[in-house]
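Some notes on the structure that comes next.
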Amino acid sequence: MDLFAKTSFIRNLSVAVLLTTGISFAVPWLGATYKRTTFENHLAMNVEGVHPESGCFTAGMKIGDMIIGVQGQTLTDISQIRSAVANRKAGDKIQIEIVRDGKKKKLTVPLTERPDDISSLTGSAIGSKIAKFGENFYKNGEKRKEKPKATLLDFWATWCGPCRATLPVLANLYKKYSPKGLEIIGIADESVETLNAFYAQQHASPYPLYRDATKEMWMRYGIHAVPTLMLLDQDGYIKQVWSGAPTEAMIERILKDVIN
């Protein structure tokens, strides 16, 4: 499986990660990952993960359970789950019907606040909230947006050929979408001298550039190769991860959905 196929697989596996209130991964949540299946000729969801601090865990939901109903209604569309969670607050309860070992069972699930880091549940950075940046912006820090509609993070290095090839792509996306609310941040861990020399002599990126000297963000999000790109929504939750050098069209296709 190539890198892009693997990324797509992870994205599809964590579809509608954890029954949140819409596309921005806002709180509250139920706390279970699932995959589409069928039961008695209608939609069902196979539970593939349960967060240990979630309402689903408290209610006794287990990996291998099959969600077949919500709020007393047979599950026919995934929007029923989102609607059941939307406009509620932590502490509210909803009814979930499951099948376990061939037997139907009803669970009363309390909603809990959604944690920032759910990577232990999904096996991916997707769905977690990005950590706050420090003060190590070495170029264009004054261009930071107060409330971007979407943020594209580029983990890169000056010595990396694919990274250098990606820089003009990001510059073009920044030019096209910055007026519409896009923020791009380049993140590297090399010395300030090396980074400033590259900026002055080879590519003066128009967007903010950040030096992660201790590689704190790299380790937090499991960045093992460059370039790695992450797309965040307006609330700072990771929507997509690309390992390698995606094309402009690949980024733009998902960016449009997030920024609109």
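Derivation of every value follows stated rules applied to the coordinates shown; laboratory data play no part. No experiment lies behind these values; they were computed from the predicted model shown. Using ideal geometry, Cβ is built from the backbone for each residue, glycine included, and neighbour counts are taken over all protein chains shown.
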Could you compute the FRET efficiency for H42 and R220, with r as their C-beta to C-beta distance and R0 at 41 Å, rounded to 0.05?
0.55
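Which entries of K35/K176; K93/K149; K106/K256; K132/K180 have Cα-Cα distances beyond 29 Å here?
Check vs 29 Å cut-off fails for K35/K176; K93/K149; K106/K256.
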With a sphere of radius 14 Å drawn around the Cβ of S178, what net charge do the other residues whose Cβ falls strictly inside it have (Lys, Arg +1; Asp, Glu -1)?
+4
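Per 0.36 nm of contour for each residue apart, how much would the distance between K35 and K147 grow if the chain were fully extended, relative to their Cα-Cα spacing?
On the way: separation 112, 0.36 × 112 = 40.32 nm, distance 3.28 nm.
Stretched out fully, the K35 to K147 stretch lengthens by 37.0 nm.
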Solvent-free Debye scattering, log10 I(q)/I(0), computed from the Cα coordinates of segment 124-259 at q = 0.09, 0.12, 0.14, 0.20 Å⁻¹:
-0.22, -0.40, -0.56, -1.29
Summing +1 per Lys or Arg and -1 per Asp or Glu among the other residues with Cβ less than 11 Å from L75's Cβ gives -2
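What do you get for Rg/Rh of segment 15-110 when both radii come from the Cα atoms and Rh is the Kirkwood radius? Provide the component values of the computation, followed by the final result.
On the way: Rg = 11.9 Å, Rh = 13.0 Å.
Dividing the radius of gyration by the Kirkwood radius yields 0.92.
Highest first, please rank the peptides 29-37, 230-238 by the mean number of other Cβ atoms sitting within 10 Å of their residues.
Numbers: 29-37: 22.0, 230-238: 19.7.
Going from most to least packed, we get 29-37, 230-238.
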Relative contact order [Cα under 8 Å, 6+ residues apart], segment 56-206, whole percent:
16 percent
Please compute the length gained on full extension between S178 and D77, using 0.36 nm multiplied by the number of residues separating them and subtracting their Cα-Cα distance.
32.8 nm
Which shape class, rounded, prolate or oblate, goes with segment 172-217 when its Cα gyration tensor gives a ≥ b ≥ c as root eigenvalues, a/c under 1.5 marks rounded, and past that a/b bigger than b/c marks prolate?
oblate
